[in-house]
Amino acid sequence: MRLQINGKRMEYSGDPAVPLLWVLREQFKLTGTKFGCGIAQCGACTVHLNGRATRACVTPVSAAGGGRVVTIEGLSGDTAEAVQNAWRGLDVPQCGYCQSGQIMTAVALLSQKPAPEDRDIDAAMTGNVCRCCTYPAIRKAIQQAAESLEG
């Protein structure tokens, strides 16, 4: 099966039912995508599949065939840079385990809704759990990133 991951064509010949998360981590050594709950409830495994935030722990790799997968390692562009700068500037991470999933979801949100209101941010981020409870800082970082993208 051909996959496009972070802009590179890759081949996978294993079981098509294996979750995308394990193919990314074990086959391609893209370990920025984390395993959290395994049931799409925590968001640690969030990647972009065709531009949409997707939980890689419950997405079979076959669903990514022919699509574009972006992991935290391949995240790029103005929106990604604005989010990453805001994250660093506000010192958002504490333990950091969930942060790649948080950033992937935030970038997907701002790509679809460049000027989100608080309720948009809360709705988009509700599936990303942070055991350190950095939610206020995450919301502020998303707001700051949106403001920096406005100009």
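The values are calculated or read from the model by the stated rules, or taken from the named source; none is laboratory data. Values in this document were obtained by computation on a predicted structure and should not be read as measured data. Backbone-built Cβ (ideal geometry, glycine too); neighbour counts: all protein chains shown. The accessibility values were calculated without ligands, DNA or RNA, using every heavy atom of the protein model including side chains. Shrake-Rupley method; radii C 1.70, N 1.55, O 1.52, S 1.80 Å.
Some notes on this structure:
- Spin-label model, Cys132/Asp91: points 7 Å from Cα along the beta carbon direction are separated by 1.1 nm.
- Percent accessible area from carbon and sulfur atoms, region 107-151, protein chains only, probe 1.4 Å: 50
- The heavy atoms of Arg68 offer some 120 square angstrom of accessible surface to a 1.4 angstrom probe.
- Accessible carbon and sulfur surface of region 33-92 relative to its total accessible area, %, 1.4 Å: 45
- In this view, the solvent-accessible surface of Lys8, computed with a 1.4 Å probe and all protein chains in place, comes to about 130 Å².
- Shown for the chain are the DSSP H helices of 15 Å or more along their axis, judged by Cα atoms, with a mean Kyte-Doolittle hydropathy of at least 0.0: 99-112.
- Once Rg and the Kirkwood radius are both taken over the C-alpha atoms of region 1-79, their ratio Rg/Rh works out to 0.92.
- Order of exposure, largest accessible area first, which applies to Arg9, Arg139, Arg88 with probe 1.4 Å: Arg9, Arg88, Arg139
- Positive-end residue, the chain charge dipole about Cα centroid, Cβ charges, pick of Ala86, Thr59, Gly7: Thr59
- Among Val129, Val70, the sequence by solvent-accessible area, most first, with a 1.4 Å probe is Val129, Val70.
- Of the residues Trp87, Trp22, ranked by 1.4 Å probe accessible area with the largest first, the sequence reads Trp22, Trp87.
- Accessible area expressed per residue, the chain, with surrounding protein chains retained (probe 1.4 Å, Å²): 51
- Gain on full stretching of the segment that runs from Asp122 to Arg2 - 0.36 nm per residue minus C-alpha separation: 39.7 nm
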